[in-house]
Amino acid sequence: MKKNKLIHVIILLVFLIFIPNLYTSAESKKDDVAIRVNSEKQVYTSSFNVDVILDFNNLDLYSNKVFLSYHLYDKENKEILWEGKRVPFSVNGDGIGKVKMNIQLVDLKGIPIDSSFVKLKFDLINEQKEYWFSTNKEITFSTDEIIYEDNTIKKIIGTLTSAIKRSPFIFSVNIIFTIIFIVAMYKFKKSQLFIN
């Protein structure tokens with residue numbers, strides 16, 4: 001009986017040790033190029049800042065003729081705008097590039113995009129060879145998305161969540177002072193000054 005339990009424990013341990021390794025080896029197959037968003041991926045204003053990290057695992061695909069841009073889609077994944085502003089960037093020896101951008105959801109003529117929902121997908125364009133990375137079948141490419149939603153309640157919740165994440169100490173101090181102010185005003189109103 002004890003031998004069976006011991007065998008089961010050994011099998012379980014072997015399973016727990018090797019399964020994660022299989023998962024990470026499958027995951028370690030990296031894309032030639034990956035674009036990651038290092039800031040909020042859910043936004044509620046049509047103008048926002050974003051931190052983008054570009055990871056060139058295949059450095060042969062990078063040149064000074066490659067630019068960062070983006071495409072805009074609606075809720076049904078229909079194209080609103082194929083090409084946003086082109087942004088130059090550089091990468092270090094490890095193939096990593098970092099770009100800070102201000103995105104304004106407007107079309108090529110500067111007219112604001114009239115939609116309450118917009119999906120933004122980053123892409124790269126090689127101007128010299130005239131191709132987009134996302135449409136080139138010879139390149140394995142992945143990118144993060146940013147979702148814009150014009151929703152007042154979500155905007156308030158998103159703003160509060162963002163404030164808490166960015167600076168929890170300052171947010172806490174503001175809440176404490178707000179509570180103290182409300183209590184002080186309540187007590188002041190109840191004081192003898194307002195009694196007839």
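The values are calculated or read from the model by the stated rules, or taken from the named source; none is laboratory data. All of these numbers come straight from a predicted model, not from anything done at the bench. No Cβ is skipped: glycine too gets one built from the backbone with ideal geometry, and neighbour counts run over all protein chains shown. Accessible surface areas use protein heavy atoms only, side chains included; no ligands, DNA or RNA. Shrake-Rupley method; radii C 1.70, N 1.55, O 1.52, S 1.80 Å.
Below, the figures for the structure above:
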| quantity | calculated |
| --- | --- |
| Conditions (1) over 31 Å from the mean Cα position of the chain (by Cα); (2) open to solvent by less than 50 Å² (accessible area, probe 1.4 Å): number failed by Asp144 | (1) |
| Search result, residues across region 26-73 that are loosely packed, with under 15 Cβ neighbours inside 10 Å and part of a helix (DSSP H, G or I) | Ala26, Glu27, Leu59, Asp60 |
| Check on Gly93, over 19 Å from Val43 (Cα atoms), small (Gly, Ala, Ser) and either over 15 Å from the mean Cα position of the chain (by Cα) or surrounded by 16 or more Cβ atoms within 10 Å (Cβ to Cβ) (or both) | yes |
| Close pairs (9 angstrom Cβ cut-off, 6 or more residues apart or separate chains): open to solvent by 70 Å² or more (accessible area, probe 1.4 Å) in region 167-183, of a type outside the set (S, T, N, Q) anywhere | Ile170/Ala163; Asn174/Ala163 |
